[in-house]
Amino acid sequence: MIGDVMTQIIPLPKIDITTRIATMDDLEFIDQLQKAHHRELGFFPRAQMEGYIKNQWVIIAEGSGQCAVGSGQMESSSLPTAHCLPPTLLGYCASRDRYLKRDELGAIFQLCVAPKKQRGLIGANLLRAVFEGASYGTKLYCCWCAQDLEASYFWEAMGFVPLAFRTGSRTKGKNAKPRVHIFWEKRVRAGDEVTPWWFPSQTGGGAIREDRLVLPIPPGLTWSDEMPVLLPIDHSPLPTEPKRLPGPRAKKLREIRPGPCRINMSRLNIGADIGPARKARKTGRSPRAKAKHDPKHIAAARELRDRYLEQVNDQNLRFEPHGKYEVSRVISAPKKSLQLEAA
Ligand SMILES: CC(C)(COP(=O)(O)OP(=O)(O)OC[C@H]1O[C@@H](n2cnc3c(N)ncnc32)[C@H](O)[C@@H]1OP(=O)(O)O)[C@@H](O)C(=O)NCCC(=O)NCCS
């Protein structure tokens, strides 16, 4: 794990870009881009994305609007006029500088660059902007990336370290098999070699909507090697056919054509019949119980994580750096208002 220090390059974008905090005007662009990349990105429902924008957790990259000076066409003036195109939106990053209630750990949830603009170092600059804007104490950033995505090379080039893995969606992998997600992490302060690495031993919910155990990538293996699939036991009963009433009366009922009907308001129990129970009644299936891992496995994954991180952090082992580009954050001196006055 101990490696040589590499010389890293500052990623200067290939076209003129600026980064800024997203506004609601960018929502349409963001939503379209995430829909076009649904295979790569964990989907954010529109309301969630709106919340992220309101909280200033989304950064936009845009090309500078170009102005060309034309011959004066206006009747009242013979002066040349400038025709300016609005800036083009190029990509975005949705992130938070606090993940799983840990102040020192931020997370990148979505990073996406418009297809024709990829490989122009826009992604790298979005990442730099995220790190620059993070809280002072956020020393690590992480992200989950499906193992089969080319984006893995991007995280590697940005100096992220593949630490752990979990099973992703049950069917989105090759040949409709389960997918593997890699947990990437980076110390984001320039020159930081001491902040302890960390990863969760279990995740729940999120885009997968199920519990997953997280295990360290075994020493000697890398992120692209085959990893075991670890799925929780699904306690939901097998799907059943929707119930059909037997007998001639039921047949007659089925044959009745829809017509005007009278609604007995007193028999409507509005508000009580929502959620899983209603869905179950509609589909004829029992509500699906959330798949759970065996508590013994959860405890074992936690112990394995803790023992692994103890070895890595206590012995201050360095992971071999593969970062081609330098996107770390340079910490500046505290603002005057924060400096304690000498007594
Ligand atoms: C991943 C993504 C955000 C990267 O943004 P980008 O602007 O295209 O990437 P950059 O130009 O900043 O790449 C920086 C470096 O990362 C590496 N890299 C990026 N994409 C790569 C790819 N497809 N294959 C191999 N290396 C790649 C390269 O080393 C690259 O530098 P180089 O071109 O000088 O070799 C972009 O490709 C994208 O939007 N992909 C679709 C959505 C996605 O997969 N998001 C991530 C989900 S985890």
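Every number here is computed from the coordinates shown, using simple stated rules; none is lab data. Treat the numbers as computed from the prediction; the structure is a model and nothing was measured. All Cβ positions, glycine included, derive from the backbone under ideal geometry; neighbour counts span all protein chains shown.
Taking the three principal axes of the alpha carbon atoms in segment 30-174, the coordinate ranges are 67, 39, 32 Å, sorted in descending order.
The residues SER201, SER64, SER332, SER95, when put in order of fewest to most other Cβ atoms within 10 Å, stand as SER332, SER64, SER201, SER95. Can you give the translational diffusion coefficient of segment 145-215 in µm²/s, computed by Stokes-Einstein from the Kirkwood radius over Cα pairs at 37 °C and 0.692 mPa s? Roughly 247 µm²/s, to the nearest whole number. Taking 7 Å steps out from each Cα toward its Cβ at ALA68 and GLN311 produces label points 6.2 nm apart.
Inter-label distance, ARG170 to GLN202: 1.9 nm, where each label sits 7 Å from its Cα along the C-beta direction. Once both labels are positioned 7 Å from their Cα atoms along Cα-to-Cβ, the gap between SER332 and GLN56 label points is 1.5 nm. Over 23 Å apart at the Cα level, from the set LYS172/LYS292; LYS35/LYS186; LYS14/LYS116; LYS14/LYS324; LYS54/LYS172, are LYS35/LYS186; LYS54/LYS172. Peptides 120-128, 202-210, ordered by how many other C-beta atoms sit within 10 Å of their residues on average, highest first, read 120-128, 202-210. Sorting the segments 108-119, 157-168 by their mean number of nearby beta carbons within 10 angstrom, highest to lowest, gives 157-168, 108-119.
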